[in-house]
Amino acid sequence: MKPVMASLKAKFGDSVTWHYHEFNQPESAQVNEDFNIQAHPLIFILDRRGNLVRKFPGVEPMEELVAAVQPLVKQ
């Protein structure tokens, strides 16, 4: 997952806020509950207001992730 996220960060840079969440840590319990995270990898894309736009369970092709993020960057 790290290479995929690094590629996305290289493409979109500071136009996107990046958050990496380690779901198996005790301090992650509330986020896990809020977003129903039960396993990883899992990628969430939220809009500027924090609304869930898309959820990707497992590994997704870079093209899918870019296609989901691109419209949000133009907002």
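The values are calculated or read from the model by the stated rules, or taken from the named source; none is laboratory data. The model shown is predicted, which means the values in this text are computed figures rather than measured ones. No Cβ is skipped: glycine too gets one built from the backbone with ideal geometry, and neighbour counts run over all protein chains shown. Protein only, heavy atoms only, side chains kept; ligands, DNA and RNA dropped before computing areas. Shrake-Rupley method; radii C 1.70, N 1.55, O 1.52, S 1.80 Å.
By a 1.4 Å probe calculation restricted to protein chains, Val59 has an accessible surface near 110 Å², given to the nearest 10.
Heavy-atom accessible area for Asp34, with the other protein chains in place and a 1.4 Å probe, reaches approximately 100 Å².
Using equal-weight Cα scatterers in the Debye expression, the normalised intensity of the chain in log10 at q = 0.17, 0.21, 0.25 Å⁻¹ is -0.67, -1.03, -1.38. The simple spin-label model puts a point 7 Å past each Cα toward its Cβ; for Glu60 and Phe12 those points are separated by 0.9 nm. How far is helix 62-73 tilted off the main Cα axis of the chain, in degrees rounded to 10, range 0 to 90? Helix 62-73 and the main axis of the chain meet at about 80 degrees. Given a 1.4 Å probe and the protein chains as shown, Leu8 ends up with an accessible area of around 10 Å².
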